[in-house]
Amino acid sequence: QVQLVESGGGLVQPGGSLRLSCVASGSIFSIGAMGWYRQAPGKQRELVAHITSGGSTTYADSVKGRFTISRDNAKSTVYLQMNSLKPEDTAVYYCNAVIQPALTSAAYDYWGQGTQVTVSS
């Protein structure tokens, strides 16, 4: 019953910006680490950015200095601000979160269905 839903993808020109959002819904006790992954055609899914429950962040080398991950725990939401976008950023972006559902004693890895980001002139 727990779901992650991404939004904010679209078509943007090189050098432009997009802000992705991912909202967790359902009966949730707690949310741990959250992250963004992406998968381009013919490529393996890769980690883009990661943020712990304490706010520590990590980024793929390819996006450092351009992307910023953040979270709003009150809204059960994680964001990815993407600036200075490049054509090679084109991919389906997936939200990921470690979530303990209400009335359970363990946390599990959840994935959204993805949102398309296309960077092209």
Task: Condition broken by LYS75, with the remaining ones in (1) surrounded by 13 or more Cβ atoms within 10 Å (Cβ to Cβ); (2) out of contact with any Gly (no Cβ under 6 Å at 6 or more places or on another chain); (3) more than 18 Å from VAL119 (Cα to Cα); (4) not small (Gly, Ala, Ser) satisfied - done: (1)
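With respect to VAL23, determine if the residue is more than 21 Å from SER120 (Cβ to Cβ), touching a residue at least 40 places away in the same chain (Cβ under 8 Å), among the hydrophobic types (A, V, I, L, M, F, W, C) and open to solvent by 50 Å² or more (accessible area, probe 1.4 Å). Please lay out each step first, then the result.
Values: more than 21 Å from SER120 (Cβ to Cβ): yes; touching a residue at least 40 places away in the same chain (Cβ under 8 Å): yes; among the hydrophobic types (A, V, I, L, M, F, W, C): yes; open to solvent by 50 Å² or more (accessible area, probe 1.4 Å): yes.
Here the answer is yes, as VAL23 does meet what is asked.
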Task: Options LEU11, LEU18, LEU4, LEU47; residue that is surrounded by 13 or more Cβ atoms within 10 Å (Cβ to Cβ), under 30 Å from SER121 (Cβ atoms) and in contact (Cβ under 8 Å) with a residue 40 or more places away in the chain - done: LEU18
TODO: Go through (1) open to solvent by 60 Å² or more (accessible area, probe 1.4 Å); (2) more than 16 Å from GLY10 (Cα to Cα); (3) not charged (D, E, K, R) and name the single condition GLY55 misses.
DONE: (1)
Open item on the list: Go through (1) more than 19 Å from THR57 (Cα to Cα); (2) of a type in the set (A, V, I, L, M, F, W, C); (3) out of contact with any strand residue (DSSP E or B) (no Cβ under 6 Å at 6 or more places or on another chain) for VAL92 and report which single condition fails.
Closed with: (3)
Task: Test for ASP109: is it farther than 22 Å from SER17 by Cα and surrounded by fewer than 12 Cβ atoms within 10 Å (Cβ to Cβ) - done: yes
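For (1) open to solvent by 70 Å² or more (accessible area, probe 1.4 Å); (2) under 17 Å from LEU4 (Cα atoms); (3) over 12 Å from the mean Cα position of the chain (by Cα), each residue gets a yes or a no:
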position: TRP36; (1), (2), (3): no, yes, no
position: ILE51; (1), (2), (3): no, yes, no
position: ILE69; (1), (2), (3): no, yes, no
position: TYR79; (1), (2), (3): no, yes, no
position: ALA97; (1), (2), (3): no, yes, no
position: SER105; (1), (2), (3): yes, no, yes
position: THR118; (1), (2), (3): no, no, yes
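Looking only at region 81-90, how many residues end up being in a loop (DSSP other than H, G, I, E, B) and open to solvent by 70 Å² or more (accessible area, probe 1.4 Å)?
Initial filter on region 81-90 (in a loop (DSSP other than H, G, I, E, B)): 83-86, 90.
Filter again for open to solvent by 70 Å² or more (accessible area, probe 1.4 Å), leaving 86.
Of the residues in region 81-90, 1 are in a loop (DSSP other than H, G, I, E, B) and open to solvent by 70 Å² or more (accessible area, probe 1.4 Å).
The values are calculated or read from the model by the stated rules, or taken from the named source; none is laboratory data. Since the structure is predicted, the reported quantities are computational estimates derived from the model, not experimental observations. Note that each Cβ is placed from the backbone with ideal geometry, even for glycine, and that neighbours are counted across all protein chains shown. When the accessible area is computed, the model is the full protein with side chains, heavy atoms only, and any ligands, DNA or RNA have been set aside. Shrake-Rupley method; radii C 1.70, N 1.55, O 1.52, S 1.80 Å.
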